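No value in this document is a laboratory result; all are computed from the given coordinates. Since the model is a prediction, treat every value here as computed from it, not as a measurement. Glycine gets a Cβ as well: all are built from the backbone with ideal geometry, and neighbour counts include every protein chain shown.
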Amino acid sequence: MSQSPDLIKEHYKKEAEIHKDAPVSTMADVIIRDKELELIQNFFKLLVAPANVLEIGCGNGFTLEMLLREFPKNKYTGLDYTEELLDQAKARGLGCELHAGDSRALPFGEGQFDIVYTERCLINVLEDEGKLKSIDEIHRVLKPGGLYLMMEGFEDGMENNNRARQELGLETLSPAHHNTYFNKKTLYPHIEGKLERIEPETLSPVGHKIQWNFLSSHYFFARVLHPLITKGEQTRNTEMVKFFAHMPPMGNYSPLQAHIFRKL
Ligand SMILES: C[S@@+](CC[C@H](N)C(=O)[O-])C[C@H]1O[C@@H](n2cnc3c(N)ncnc32)[C@H](O)[C@@H]1O
């Protein structure tokens, strides 16, 4: 199951050493982290009954700690592939189970969870085959009717963003060396009959707060307009980027997207 050489574990081992339990661990862009947390909170506000929740790729446990604080009625389980990050999560003393494991072979029985979510985890499973195996595993451990919040990287948003950059004379960007993105033309036929993509408004009227393209305007500004204006590539956490982060999401210009699927 390991990717050879295991650059993922090496990469995150260093992240754990440098950032320990900080929110910037695995995410240096504070706007992305804030918007992810906001979206996850809005997603959990949709749930009416206490739920059995699994986070795959929980890293240092930052998001799990927030969920345990804000939504204490749910039961939480975290799983991660990198022991050093999992140790950071364990050191938080969270009231939840934490497991070492791999998304491609989950150590859980069938139909155990009401909710599974991933926050930039499956982008680390570099080959398509492993990505799809992980999706099959998520489908297996979900209860019928259970929900998967997939906050992952997608090629279409990256391609649109690169087209905008090219139009303005900027070089195209590629995913980081430890990431690859999902291709919807491969993913959607694979899940047909197993998982259906749903609009959050079908779960609750307040679902409109959960927008799949929640980072689109941020990526358009941070990766297209900002480098054009400044003639540089310093795009993270500047005042100008923070100002434009108040814009509502528009278009499809972010590789990072949030989609909700229901197990059929
Ligand atoms: C980008 S980090 C995100 C961590 C956490 N969700 C957060 O937002 O801080 C990706 C996490 O997924 C874990 N990971 C990578 N591949 C995995 C796999 N195949 N199975 C389980 N976890 C994996 C990494 O160890 C890392 O902790």
Can you order the peptides 157-167, 202-212 by their average number of other Cβ atoms within 10 Å per residue, highest first? 157-167, 202-212
As I understand it, the dipole of the chain uses +1 on the Cβ of Lys and Arg and -1 on the Cβ of Asp and Glu, about the Cα centre. Which of Leu47, Tyr188, Met66 lies farthest toward its positive end? Leu47
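Could you list Ile229, Ile32 so that the one with the fewest beta carbons within 10 Å of its beta carbon is first and the one with the most is last? Before the final figure, lay out the partial values.
Numbers: Ile229 10, Ile32 20.
Ordered from fewest to most neighbouring Cβ atoms within 10 Å, Ile229, Ile32 come out as Ile229, Ile32.
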Can you give the % of DSSP beta bridges in the chain that are antiparallel, to the nearest 5? 40
Show which lysines lie in cross-link reach of Lys13 when reach means a straight Cα distance below 18 angstrom and same-chain residues fewer than eight apart are skipped. Lys90
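Here are some pairs, Lys209/Lys242; Lys14/Lys184; Lys45/Lys133; Lys185/Lys209; which of them have Cα atoms lying more than 22 Å apart in this structure? Write down the numbers at each step before the final one.
Details: Lys209/Lys242 20 Å; Lys14/Lys184 31 Å; Lys45/Lys133 29 Å; Lys185/Lys209 26 Å.
In this structure, Lys14/Lys184; Lys45/Lys133; Lys185/Lys209 lie more than 22 Å apart at Cα.
For the stretch 144-235, what is the relative contact order in percent, using Cα pairs closer than 8 Å and at least 6 residues apart in sequence?
Working: 46 pairs, mean separation 26.9, N = 92.
Normalised by residue count, the contact order of the stretch 144-235 is 29 percent.
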Between the stretch 1-51 and the stretch 201-229, what's the alpha-carbon centroid distance in Å? 18
Summing -39500 (n - 2.57) over every DSSP H run of at least 4 residues in the chain and dividing by its residue count gives a helix-only mean residue ellipticity at 222 nm, to the nearest 500 deg cm²/dmol, of -11000 deg cm²/dmol
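Normalised by the residues of the stretch 72-156, what does the relative contact order come to in percent, with Cα pairs under 8 Å and at least six apart?
Working: 102 pairs, mean separation 25.4, N = 85.
Here the relative contact order equals 30 percent.
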Take each of the peptides 187-197, 59-69, 106-116, 140-150, average the number of other beta-carbon atoms within 10 Å over its residues, and list them starting from the highest. 59-69, 140-150, 106-116, 187-197
Sorted by chain and number, the residues with a modelled amide H under 5 Å from that of Phe113, at a separation of 5 or more or across chains, are Leu142, Lys143
Charge dipole magnitude, Cβ of K and R +1, D and E -1 - the chain, Cα centre, debye nearest 20: 520
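Could you tell me the relative contact order of the chain? Use alpha-carbon pairs under 8 Å, at least six residues apart, and round to a whole percent. Please report the intermediate quantities before stating the final value.
Details: 463 pairs, mean separation 53.0, N = 264.
With pairs under 8 Å counted, the relative contact order is 20 percent.
Hey, got the dipole for the stretch 167-264? About the Cα centre, +1 on K and R Cβ, -1 on D and E Cβ, debye to the nearest 20? Walk me through the intermediate numbers first.
Numbers: 11 positive and 8 negative charges, 52 e Å.
Value, rounded to 20: 260 debye.
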Filtered trypsin sites (Lys or Arg not before Pro), the stretch 81-135: DSSP coil and at most 11 other beta carbons within 10 Å: none
